[in-house]
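The values are calculated or read from the model by the stated rules, or taken from the named source; none is laboratory data. All values reported here derive from a predicted model rather than from experimental measurement. Neighbour counts are summed over all protein chains in view; Cβ atoms, including those assigned to glycine, are modelled from backbone coordinates with ideal geometry.
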Amino acid sequence: MCGVIDKVTSRRTPPFFWAGYLFVVLVSSTYLQTWSLVVPVPQIMVKPRRWADINGSQVPETWEAGLRVVMGVIISRPAITQVCR
């Protein structure tokens, strides 16, 4: 199952993408506009992230906090070799 999902989410123009903050959800690309925001310079659409401000710049404190959470999970489970969403 993970192989199929990886294939449809990793294409150059994927028909589905991963989104969400509290819960990770698989969303059809038909709804990409409602799950993204426009960054002013250069004017492009991006998927919003907690560690990015409205201009698309990284917020270092939020990035570091998220990085510590991920590192904590990896360090506490050294047998993790592959993750399937």
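Is it fair to say T30 is of a type in the set (S, T, N, Q), modelled with pLDDT of 70 or more and over 15 Å from the mean Cα position of the chain (by Cα)?
When the stated conditions are applied, T30 passes them.
Would you pick out the residues in the range 1-27 that are surrounded by 10 or more Cβ atoms within 10 Å (Cβ to Cβ), part of a helix (DSSP H, G or I) and at pLDDT 75 or above?
I5, D6, K7, V8, T9
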